[in-house]
1. Of the residues in the range 121-166, how many are within 13 Å of residue 240 (Cα to Cα), at pLDDT 95 or above and not in a loop (DSSP other than H, G, I, E, B)?
2. Can you pull out every residue in the range 92-124 that is within 13 Å of the ligand (Cβ to nearest atom) and touching a strand residue (DSSP E or B) at 6+ places or on another chain (Cβ under 6 Å)?
3. Let me confirm something: among 104, 59, 162, which residue is closer than 30 Å to residue 24 by Cβ and in contact with a helix residue (DSSP H, G or I) (Cβ under 6 Å, 6 or more places away or on another chain)?
4. Mind checking which strands (runs of 3 or more DSSP E) fall wholly inside the range 167-280 and carry at least 1 residues that are more than 12 Å from the ligand (Cβ to nearest atom) and over 20 Å from the mean Cα position of the chain (by Cα)?
5. So which residues in the range 25-41 are modelled with pLDDT of 95 or more and surrounded by fewer than 22 Cβ atoms within 10 Å (Cβ to Cβ)?
6. Quick check on residue 148: is it under 15 Å from the mean Cα position of the chain (by Cα), closer than 25 Å to residue 12 by Cα and within 16 Å of the ligand (Cβ to nearest atom)?
7. Give the range 1-54 a look and list any residue that's within 24 Å of residue 259 (Cβ to Cβ), without any contact (Cβ under 8 Å) to a residue 40 or more places away in the chain and part of a strand (DSSP E or B), or say none.
Ligand code: HPA
């Protein structure tokens, strides 16, 4: 066996080992995987009949170091459906590899999740967006300078050249949009650009990112979505706009403000996601 075949075998057996450990605690097979973004972790509080597993306990999992993130896998029921949620995600800027960042998505899929719901905090570049608004992600641009699929491909996990024609499931996005309307929740629909971070962008960069077609910018989500698409999962992505990134009127930003805005929007986001899960 060549080195590349060995690497593929190792990934597959690692995933199986992690999933096997988690499965022992579960009461059912999760249909939906959820990743909660910065300051948005409390959605997990809505999970019923829940069991919690610390990342540190799970073989092959990495530990979260980022502020606003707890590092617990929460499984249980939302609106009567089995879900598994990451409370605390891994960011590329923390120094993890793209493969480490996306590893939990592979495990969620191995546990049975065919849908991924992902949230994040993002800077709004579309002038119509206000801080505190929600944006349903219609598409993304990968400007992170790396790709989680780089390296040998295990064809049993997904294809070498996955299609990106509809990374965010259109039906789910439309369902979320119509539910938001029913619930009188203000939502936008737009393009998310993923950057490596950890610094915020310069004015020139915001201008550039807006000009290439992005409505919001953030430091996560893109790798997890690429891996979910690789494995054929359906994805719904929602950004919480935590700050306004208009070059001409840009103000200094501190992370506390980002967290505070996300925290304030959290109940609305939870309500929307719970209703989507109910109706999907
Ligand atoms: N840039 C990148 N990531 C972010 C921002 C931003 O302005 N706001 C929240 N996350």
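1. Qualifying residue count, the range 121-166: 7.
2. Correct list: 119, 120, 121, 122, 123, 124.
3. After applying the criteria, what remains is 59.
4. So the answer is none; nothing clears 1.
5. Correct list: 31 only.
6. For residue 148, the condition - under 15 Å from the mean Cα position of the chain (by Cα), closer than 25 Å to residue 12 by Cα and within 16 Å of the ligand (Cβ to nearest atom) - is not met.
7. 50, 52, 54
Condition check ((1) farther than 23 Å from residue 269 by Cβ; (2) buried (at least 19 other Cβ atoms within 10 Å of the Cβ); (3) out of contact with any helix residue (DSSP H, G or I) (no Cβ under 6 Å at 6 or more places or on another chain)) across all residues:
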{"site": "181", "(1), (2), (3)": "no, no, yes"}
{"site": "189", "(1), (2), (3)": "no, no, yes"}
{"site": "196", "(1), (2), (3)": "yes, no, no"}
{"site": "201", "(1), (2), (3)": "yes, yes, yes"}
{"site": "208", "(1), (2), (3)": "yes, no, yes"}
{"site": "211", "(1), (2), (3)": "yes, no, yes"}
{"site": "217", "(1), (2), (3)": "no, yes, no"}
{"site": "223", "(1), (2), (3)": "no, yes, no"}
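The values are calculated or read from the model by the stated rules, or taken from the named source; none is laboratory data. Nothing here was measured: the structure is a model prediction, and the numbers come from that model. A quick note on method: Cβ atoms are made from the backbone with ideal geometry, for glycine too, and the neighbour counts reach across all protein chains shown.
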